[in-house]
Amino acid sequence: MVQRVELPESLDGNTILVAGAAGFVPSYVSEFYLKLGARVIGLDNFITGSRSNIELLSKYDKFEFHECNIYESLPDFSKTKIDYIFSLASPASPIDFKEIPLEIMRVNSEGTRFLLELAKEKKARFLEASTSEVYGDPEIHPQREEYVGCVNPIGPRSCYDESKRFAEALTMSYHRRYGVDTRIIRIFNTYGPRMRPDDGRVIPNFINQAMAGDDITVYGDGSQTRSFCFVTDLVNAIHNVMFSKDHTPFNCGNPDEYTILDTAETIKKFLTSESKLAFKGLPEDDPKRRRPNIDKLQSVSDYEPLVSFEDGIKQTAEYFQSLSK
Ligand code: UDP
């Protein structure tokens, strides 16, 4: 029988640890749980996260922050009660794969192991934020959780793909061997305010190019596809998985699929931009099609992406505009 998600009305009295709290998605996760009444402890080394996200979270009385490298050691939590741990610390943009591949591999191996050890010690529930990248350049479409993927172990994306596959294996091993109460999510392309404007990903690039009237850089012929999820919808999906009863992975995202060419045209239209398209080389191992099948999450919860692409793009553009003021 399917066990339905039971969402708590409040998390007052609970403590949540968010690894990577200064990052884009984790800053929203932290804020979400602060609003639900939890105490949130954030960890980050600022390798890609931003101090402004920590300033924003520090406005909440129940937020506490530690600057640390989680793959070296964790702060001393011996006297701290911890109920939930979110493993959200990995850099995730293709430009990071070029610049900091070893840091990515360390956070998803040693860093994740430290967090799992803490979950074991504290009897905390642990959620590993994995990625659609574990499917590599997928041969089946849309991607279901049972699909085991098609990953190039030595390609330029492998530092991320393979270390996240390892992090999933580690999570399942702690669950099987020690009974740690674990969850795994596979996050598909996500966008929204607080993204790094220079993180090299398609949505920030296209919005900033469209707003400046610069050429919009389409890699390859633009026929590759992605499915874009607005960040608040993603947080809702993450919350549903944390309060599900299932230890196996859940895809989290929005199944609306666009070619990259459509994405460029659509963003131009939403932002009434005169920019032209400029075609550039396709990066090596760039996945050709990506779209989550979210039946599994929807079979246990009421999860539904709510924010339209138009609304999401406009909110994100307003954010980037506010940065340049
Ligand atoms: N892309 C593009 N122009 C850009 C940035 C990205 O055409 O300026 C393409 C990229 O080649 C990929 C897709 O957009 O096919 C999504 O890239 P992104 O880096 O956002 O994330 P990915 O899904 O590849 O991790």
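Specify the residue that is farthest from the ligand (Cβ to nearest atom); the eligible residues are those in region 261-270 that are within 27 Å of Ser27 (Cβ to Cβ) and surrounded by fewer than 21 Cβ atoms within 10 Å (Cβ to Cβ).
So, considering only residues that are within 27 Å of Ser27 (Cβ to Cβ) and surrounded by fewer than 21 Cβ atoms within 10 Å (Cβ to Cβ), the one farthest from the ligand (Cβ to nearest atom) is Phe270.
Of the residues in region 273-290, how many are loosely packed, with under 14 Cβ neighbours inside 10 Å and away from the ligand (no atom under 11 Å from the Cβ)?
Matching residues across region 273-290 total 2.
Pick from region 217-233 the residues that are farther than 16 Å from Phe250 by Cα and more than 11 Å from the ligand (Cβ to nearest atom): which of them is surrounded by the fewest Cβ atoms within 10 Å (Cβ to Cβ)?
Here the answer is Thr232.
Please find, within region 171-216, the residue that is farthest from the ligand (Cβ to nearest atom) out of those that are surrounded by fewer than 22 Cβ atoms within 10 Å (Cβ to Cβ) and among the small types (Gly, Ala, Ser).
Gly179
How many of the residues making up region 53-77 are small (Gly, Ala, Ser) and either at pLDDT below 95 or in contact with a helix residue (DSSP H, G or I) (Cβ under 9 Å, 6 or more places away or on another chain) (or both)?
Residues that pass the stated criteria total 1.
Looking at region 307-325 only, could you name the residues that are without any contact (Cβ under 8 Å) to a residue 40 or more places away in the chain and in a helix (DSSP H, G or I)?
Within region 307-325, Ser322 is the sole residue that qualifies.
Given the options Asn236, Asn240, Asn251, Asn293, name the one that is within 16 Å of the ligand (Cβ to nearest atom) and under 24 Å from Arg165 (Cα atoms).
Only one candidate passes the filter, namely Asn251.
Are any residues in region 93-150 polar (S, T, N, Q) and surrounded by fewer than 18 Cβ atoms within 10 Å (Cβ to Cβ), and if so, which ones?
Hit for region 93-150 is Ser109, nothing else.
Answer with yes or no whether Pro94 is modelled with pLDDT under 95 and under 15 Å from the mean Cα position of the chain (by Cα).
yes
Could you tell me whether region 56-79 includes any residue that is aliphatic (A, V, I, L, M), crowded, with 16+ Cβ neighbours inside 10 Å, closer than 20 Å to Val235 by Cβ and in contact with a Phe, Trp or Tyr (Cβ under 6 Å, 6 or more places away or on another chain)?
Checked against the condition, which is being aliphatic (A, V, I, L, M), crowded, with 16+ Cβ neighbours inside 10 Å, closer than 20 Å to Val235 by Cβ and in contact with a Phe, Trp or Tyr (Cβ under 6 Å, 6 or more places away or on another chain), region 56-79 yields at least one hit.
Here's the yes/no breakdown for (1) more than 22 Å from Arg289 (Cα to Cα); (2) in contact with a Leu (Cβ under 8 Å, 6 or more places away or on another chain); (3) touching a residue at least 40 places away in the same chain (Cβ under 8 Å); (4) polar (S, T, N, Q):
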| position | (1), (2), (3), (4) |
| --- | --- |
| Ile140 | no, no, no, no |
| Val148 | no, no, no, no |
| Gly155 | no, no, yes, no |
| Asp161 | no, no, no, no |
| Met172 | yes, no, yes, no |
| His175 | yes, no, yes, no |
| Gly179 | yes, no, no, no |
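State the number of residues belonging to region 195-224 that are farther than 15 Å from Ile267 by Cα and of a type outside the set (Lys, Arg).
So the answer is 10.
If a residue must be free of Cβ contacts under 8 Å to residues at least 24 places away in the same chain and within 16 Å of the ligand (Cβ to nearest atom), how many such residues does region 77-110 contain?
Qualifying residue count, region 77-110: 1.
The values are calculated or read from the model by the stated rules, or taken from the named source; none is laboratory data. Predicted, not measured: the structure shown is a model, and the values here were computed from it. All Cβ positions, glycine included, derive from the backbone under ideal geometry; neighbour counts span all protein chains shown.
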